[in-house]
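Colleague: One structure is given below, represented as structure tokens, and several questions about it will come after.
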Amino acid sequence: MSDETNTPVFQIQRMYLKDLSLEQPNAPQILLEQTQPQVDINLALAAEPIAEGMFEVNVTATVTTKVGEKTLFLIEAKQAGIFEIRNVPQEQLEGILGIVCPQMVYPYLRAVVSDVCTRAGFPPVLLSEVNFQAMFEARQAQIDAAAAGSATVN
């Protein structure tokens, strides 16, 4: 019985679209422009405990498309997943929440962004593949550097 209580658990409980926004602030005039738009894409990750052994992981994409200085369209989509994660050491938990879970959520986010662009009357914006492990390692290196910097200040 004690083996069952210490067995690591990782299960997807639910994937869902948490937030979605589309803005076309300069329509319809800007739709007549023939200039190639510039596309800027930003990603953000968040993970938080929501109950004992339950975590919500969010991946947010903000897609800003401009013609010159005017915004053609702006999409912000937040895709989320609820994961049950139990009996995992803290250092492994951080990796699961920062790498594994976002990798599972991200394909849903890519589909939503592409679909919204198409439904808004634009060619789809295809979010590129993301190396969440590299992002996680870079974030950890920043945290470690900041901690080392503050330790030398004292």
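Colleague: Are any residues in region 104-131 over 28 Å from Glu33 (Cα atoms), in a helix (DSSP H, G or I) and either among the β-branched types (Val, Ile, Thr) or free of Cβ contacts under 8 Å to residues at least 60 places away in the same chain (or both), and if so, which ones?
Modeller: Step one: filter region 104-131 for residues over 28 Å from Glu33 (Cα atoms), giving 104-109, 129-131.
Narrowing the set further to residues that are in a helix (DSSP H, G or I) leaves 104-109.
Once the filter is applied, which keeps residues that are over 28 Å from Glu33 (Cα atoms), in a helix (DSSP H, G or I) and either among the β-branched types (Val, Ile, Thr) or free of Cβ contacts under 8 Å to residues at least 60 places away in the same chain (or both), region 104-131 yields Val105, Tyr106, Pro107, Leu109.
Colleague: Given (1) more than 30 Å from Ala27 (Cα to Cα); (2) surrounded by fewer than 10 Cβ atoms within 10 Å (Cβ to Cβ); (3) not β-branched (Val, Ile, Thr), where does Phe136 come up short, assuming only one miss?
Modeller: Of everything listed in (1) more than 30 Å from Ala27 (Cα to Cα); (2) surrounded by fewer than 10 Cβ atoms within 10 Å (Cβ to Cβ); (3) not β-branched (Val, Ile, Thr), Phe136 misses just condition (2).
Colleague: Identify, by number, the condition in (1) under 20 Å from Ile50 (Cβ atoms); (2) touching a residue at least 60 places away in the same chain (Cβ under 8 Å); (3) buried (at least 18 other Cβ atoms within 10 Å of the Cβ) that Glu84 doesn't meet.
Modeller: Condition (3) is where Glu84 drops out.
Colleague: Residues to consider are Glu23, Glu48; find the one that is surrounded by fewer than 16 Cβ atoms within 10 Å (Cβ to Cβ), acidic (Asp, Glu) and free of Cβ contacts under 8 Å to residues at least 12 places away in the same chain.
Modeller: Only one candidate qualifies: Glu48.
Colleague: Give the residue, chosen from Gln34, Gln11, Gln38, Gln29, that is surrounded by fewer than 12 Cβ atoms within 10 Å (Cβ to Cβ), among the polar types (S, T, N, Q) and in contact with a Lys or Arg (Cβ under 7 Å, 6 or more places away or on another chain).
Modeller: Gln38
Condition check ((1) modelled with pLDDT of 95 or more; (2) over 15 Å from Val112 (Cβ atoms)) across all residues:
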| residue | (1), (2) |
| --- | --- |
| Ile12 | yes, yes |
| Ala27 | no, yes |
| Asn58 | yes, no |
| Leu74 | yes, no |
| Ala77 | yes, no |
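Colleague: Kindly provide the set of residues from region 98-154 that are among the hydroxyl-bearing types (Ser, Thr, Tyr) and either modelled with pLDDT of 90 or more or in contact with a Ser or Thr (Cβ under 7 Å, 6 or more places away or on another chain) (or both), ordered by number.
Modeller: Residues satisfying the conditions are Tyr106, Tyr108, Ser114, Thr118, Ser128.
Colleague: While we're on this one: Could you pull out the residue among Glu69, Glu91 that is over 19 Å from Leu22 (Cα atoms), of a type in the set (Asp, Glu), exposed (fewer than 15 other Cβ atoms within 10 Å of the Cβ) and modelled with pLDDT under 95?
Modeller: Glu91 is the lone residue from the list that is over 19 Å from Leu22 (Cα atoms), of a type in the set (Asp, Glu), exposed (fewer than 15 other Cβ atoms within 10 Å of the Cβ) and modelled with pLDDT under 95.
The values are calculated or read from the model by the stated rules, or taken from the named source; none is laboratory data. This one's a predicted model, so the numbers in the text were calculated from it and none came from an experiment. No Cβ is skipped: glycine too gets one built from the backbone with ideal geometry, and neighbour counts run over all protein chains shown.
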